[in-house]
1. Considering only the range 150-171, I want to know if a residue exists there that is surrounded by 14 or more Cβ atoms within 10 Å (Cβ to Cβ), within 18 Å of LEU11 (Cβ to Cβ) and of a type in the set (Phe, Trp, Tyr).
2. Within the range 139-147, is even one residue surrounded by 22 or more Cβ atoms within 10 Å (Cβ to Cβ) and within 17 Å of GLY188 (Cα to Cα)?
3. So which residues in the range 127-142 are modelled with pLDDT of 95 or more and over 18 Å from the mean Cα position of the chain (by Cα)?
4. Which condition from (1) closer than 30 Å to THR19 by Cα; (2) crowded, with 16+ Cβ neighbours inside 10 Å is the one that GLU217 breaks?
5. Looking at the range 22-74, which of the residues that are in contact with a helix residue (DSSP H, G or I) (Cβ under 7 Å, 6 or more places away or on another chain) and assigned to a loop (DSSP other than H, G, I, E, B) is farthest from GLY92 (Cα to Cα)?
6. Which one of these is of a type in the set (Ser, Thr, Tyr) and closer than 17 Å to HIS6 by Cα: TYR30, TYR59, TYR21?
7. Could you check the range 202-225 and list, in sequence order, the residues that are of a type outside the set (Ser, Thr, Tyr), over 12 Å from LEU163 (Cβ atoms) and outside any helix (DSSP H, G or I)?
8. Regarding the range 22-34, can at least one residue be identified that is under 23 Å from GLY252 (Cβ atoms), of a type in the set (A, V, I, L, M, F, W, C) and more than 17 Å from the chain's Cα centre (by Cα)?
Amino acid sequence: MNIDFHTHGKLAKKLPFSTQYTDQMFHKAYLKGLDAICLTEHFNTLSFLEMYDYIYTHYTHVGDCCQSKEGLLIFFGMEIDIKEGGHTLVIGRYHDIVELNKKLEKHKAKESFLTFDELVTLVRQYDVIFGGAHVYRQGGHIPELSQKQLLCFDFFDLNGKDLACYGLKMQDMIYQFAHRYHKPVVSGSDTHQATQYGCVQTCFQSCFHSIKQLREEIDRGQYTIQISESLNIQVEDATLQKRLLKEVYRLGGDYVALL
């Protein structure tokens, strides 16, 4: 079972939600050979709740996931900023992610982000899997958190975008960092654009569709991480397409129709 643990269903945070764009993203994820994705949209993206409600309402329910007509499983999640600087990931059931997002409503602007400790206190009220996203990305400060704080994470993110940006040395850095705190590493493309799917993927030996099973399989460590030989090209192309499509939208055009 091949999973992408860090994905987005919108082209950009400040753009309106497009059902057509999100449907197309999931379709292309399946075509890229993924069996499942964790939809970790930014917690402060425009129309977050509208997007998640659409998926939950219009897609088939399978365990704790939703499933596309092709068979792609969608685990619900969210990417959350912290006041110290840096991003975290939560993965859980639809209702928990939605309720958690509502509780974060007053903390979606940069000046009102929760501290790491405040976020952990909130997150631990739910049955979710909690991860550290793109640990060494410029501008983030997750490595500067205390050992006690870092031990709160359930996993760390080997991020496709960062592998393309900083080189494969990032892989060693993430593994060394995670090993220091005895935490597993899983991979996510961090894509906003379908070209980036498959640049990295976490490949499990078994299939599952519950948060409980997902947590157990991560803890067992019975998986491999595959990095595409075309990772750099995929990320570069996706970045360029995103920039061009955002410009089309800014000029009043229909960027979805171009795809």
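1. Looking through the range 150-171, none of the residues is surrounded by 14 or more Cβ atoms within 10 Å (Cβ to Cβ), within 18 Å of LEU11 (Cβ to Cβ) and of a type in the set (Phe, Trp, Tyr).
2. No, there is no match, as no residue in the range 139-147 is surrounded by 22 or more Cβ atoms within 10 Å (Cβ to Cβ) and within 17 Å of GLY188 (Cα to Cα).
3. Residue satisfying the conditions is HIS141 alone.
4. Looking at each condition in turn, GLU217 falls short on (1).
5. GLU70
6. Numbers: TYR59 fails: closer than 17 Å to HIS6 by Cα; TYR21 fails: closer than 17 Å to HIS6 by Cα.
Just a single option satisfies the conditions, and that option is TYR30.
7. CYS203, PHE204, GLN205, CYS207, PHE208, HIS209, GLY221, GLN222
8. no
The values are calculated or read from the model by the stated rules, or taken from the named source; none is laboratory data. Owing to the predicted nature of the structure, the values given are computational and were not obtained by experimental measurement. Cβ sites come from the backbone with ideal geometry, for glycine too, and all protein chains shown count toward neighbours.
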